[in-house]
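Taking it in order: structure first as structure tokens, then the write-up.
The values are calculated or read from the model by the stated rules, or taken from the named source; none is laboratory data. Everything numeric in this text was worked out from a predicted model, so none of it was measured. Note that we place each Cβ from the backbone using ideal geometry, even for glycine, and neighbour counts take in every protein chain shown. These area figures cover heavy atoms from the full protein model, side chains too; ligands, DNA and RNA do not enter into them. Shrake-Rupley method; radii C 1.70, N 1.55, O 1.52, S 1.80 Å.
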Amino acid sequence: MFGLGQGGMLLGGRYRVVRELGRGGFGHTYLAEDSNRFQELCVLKEFVPQVDGEAALEKAQQLFAREANILYQLDHPQIPRFRELFRELGRLFLVQDYVEGPTYQELLETRRRYAGQFSENEVTLLLRQILPVLQYLHTLGIVHRDIAPDNLIQRNADGLPMLIDFGGVKQLVVNVRYQLGVDQPYANAAGQVTRLGKVGYAPAEQLDSGVANPGSDLYALGVTALVLLTGQEPEALFDQRTQTWRWQENVLVSPTLTAVLNRLVAPRASDRYATAEQVMADLSMMSYDSGSWQSALPVRMQPMTPPPPPPPPVPPAPRRSITPQPPRGPAYISLTDPPYAPLSQPTASYKPPLIEEPTQPRRPARSSSGCLQALLGLLVLLGLVGLGWWGLAASGWLANVDIAIPGSSEVGGAEISEAEQARKRATTERATALGVDNGYLTRLTDQLFYERHPELQGTQLTNSPEDAALRAEWDAIANDMLALSEQHLSTAARQRLGRYNPGDLDRWKTQVNQLYVSSRALYDLADARYGHLFPGRVSDGFVEAPVDQIWFALAQDRVNALQSGQKLTEIRFQPDAYSQQIQGSLDPGEGQVYILNLNSGQLMRLNLQASSPETLLSLYLPSPTNEDPYLLSDSSETTWSGELTQTGYYEIVVVSTAQQPISYQLNVAVDTVITNPAEPAAAPADKD
């Protein structure tokens, strides 16, 4: 990789690589900072033309710029903007906006860990939100050709799905290499052929011949919907013998959505939807009512030709390289075999979706099991808007019972008391008032409830009187979590619960480094508070379980506290002074960061006196190494002295693990004190 990003090197004179995001047959993808835009995060897509000589590389850049021109014209709020193309280190780099948020594949993986998947409401909303994006692209003659859960991101800012990683960009590389005379333009340096489409998601005709059209994108979107609904991968849902999708054995959805999905993934291309508008027209017959999508009219369906009988088994054909064919008429940018005819400049601009958006909140609560929506429907019938404490795979006591008539408190032959109904209504209203997503609250409560009752894992609570005590306990846990979020999290942090992701860590590192604070110091503050709220539980800073979201929310608030100066103090010595005493106090689980700019060769003495021994002290270096990562880290030692080996900002972190407020005094002494350093110290490197 030529050591991209090592030593603070700037690519294109402005982009500093933060980390690698992925790699493919034609290059790599990196997360980078744009030094010309206040360290704003962006994405670098690297491409290897595999040509020799400066002249050939120059021609490759010219061809790629010409072929990629259509991408720069895209203007849609759910498509990351393409910024520029530049050349460095014998490679071509395409710069694109960075979208902060988890992919739908990551969201699905999280739900799978708790035996859940996406609900019909969520999948229907996803289709309604992404189809206008495909309509916009197809109007311009562009086919994405690589739609799958890992190429859809749920943007943190507003929850809208973003379409990323255009397979058409790979096709551009193929086209350029074809025009340069590369023998096997579809193969990388190792001779491996790069598919332009994802196996299982792309239709057979796209994988076999490279031919793609708008229907190919719609097919892949249909498969994506099936995977999210069932929680299973395409190979588990597709019957190779009959060449049909057998997804309805795994999940039950409304007749309208069933018909739409079956037509999206029909075996024959002629039986599928041809345009996104057709799909939106059929989905528009589903109305958003009482917290769920309802079918208003029968969906219009074209007659479908039965699939042909499965062919007899044949021996596998020998591997062969893919040879480009001459163009066959008008082509989409990522569609037919290269080379394709240059497209005219797009004249279409983004228009609002042609479908009618629901009048309810834009994003329904996201429950890992889909059971929340089931009970929401019940509570509407009961004249309530209640909180779902009933997971289908967890506490899903309403999964297979009859629903009572409106106004009745009897469900499936068992009675839900008026007091319990009021309790659930109050919990929902409280969550809404605090800005906590009901779907996230359901998943969090399920996790903590089943950790407390491991013997109930895999069982469902019922609405019977025998489970009333367990239902009350579930409700109590939910209210405890709401109380915790209200007391210990800011409003902004609460509202993001359920949507934090590892990309937040990259952003926070940049923010605190600008304050001469390391990410290690930030984690000390978040860990202390998290450990106080959840004794014995450790978070590694990854969004692996719903409760880990609280660690991220705590970290967000600590970043803000560092930026405001509430948790950060710079120690400055008065002229002719060589020591300083700092008095402070800490609430349980809280901490404070001190920074001071010192020189290599100075002697330093540090002493902490606290009213409780349950106080930890850390002393971090300006530039940690593998051999010397720190001087002290979460140490119960209260004294350190020695000669400093580095120049820059040292960090002193004091945190309390006591159960009551403590007071402390920090004594810092150095010799040859620097009062006005000539050069500002560099921001600390990441200390993970």
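Taking the Cα atoms of segment 433-590, the ratio Rg/Rh between the radius of gyration and the Kirkwood radius comes to 1.09.
Could you please report the charge total around residue 641, scoring K, R as +1 and D, E as -1 over all other residues with beta-carbon less than 14 angstrom from its beta-carbon? Could the numbers behind the result be given before it?
Numbers: positive: 605; negative: 637, 643, 671.
Charge balance in the 14 Å sphere: -2.
Here the dipole of segment 468-535 is about 280 debye; that uses its Cα centre as origin and unit charges on the Cβ of Lys and Arg (positive) and Asp and Glu (negative). Looking at segment 200-265, the trypsin sites (Lys or Arg not before Pro) that sit in a DSSP loop and have at most 13 other Cβ atoms within 10 Å of their own Cβ are 241, 246. Comparing 497, 510, 545 along the charge dipole axis of segment 491-638, the residue lying farthest to the positive side is 497, per the Cβ-charge model.
Largest first, the residues 59, 45 sort by 1.4 Å accessible area into 59, 45. Any aspartates and glutamates with Cα under 13 Å of the residue 45 Cα? List them, leaving off those in the same chain fewer than 8 positions away. Once the sequence-local aspartates and glutamates are set aside, what remains near residue 45 is 20, 84, 88, 97, 165. Past 27 Å, Cα to Cα, is the threshold; run 509/567; 198/509; 59/198 against it and keep the listed order. Result: 198/509; 59/198 exceed 27 Å. If you take all other residues with their beta carbon under 15 Å from the beta carbon of residue 246, and give Lys and Arg +1 and Asp and Glu -1, the sum is -3. Taking trypsin sites (Lys or Arg not before Pro) across segment 530-635, the ones in a DSSP loop with at most 15 further Cβ atoms lying within 10 angstrom of their Cβ are 537, 572.
State to the nearest 20 debye the size of the charge dipole of segment 488-583 about its Cα centre, where the only charges are +1 on K and R beta carbons and -1 on D and E beta carbons.
Values: 11 positive and 10 negative charges, 50 e Å.
Dipole about the Cα centre, nearest 20: 240 debye.
Fully extending the segment from residue 667 to residue 560 would add 35.9 nm, taking 0.36 nm per residue of separation and subtracting the current Cα-Cα distance. A straight line joining the Cα centroids of segment 427-458 and segment 648-668 runs 35 Å.
The label point for residue 490 and the one for residue 240, both projected 7 Å from the Cα toward the Cβ, are 5.4 nm apart. Here the peptides 483-490, 146-153 are ranked by packing, the mean other Cβ count within 10 Å, and the order with the highest first is 146-153, 483-490.
Ranked by solvent-accessible area (1.4 Å probe, protein heavy atoms only, all chains present), the residues 481, 9, 162 order from largest to smallest as 9, 481, 162.
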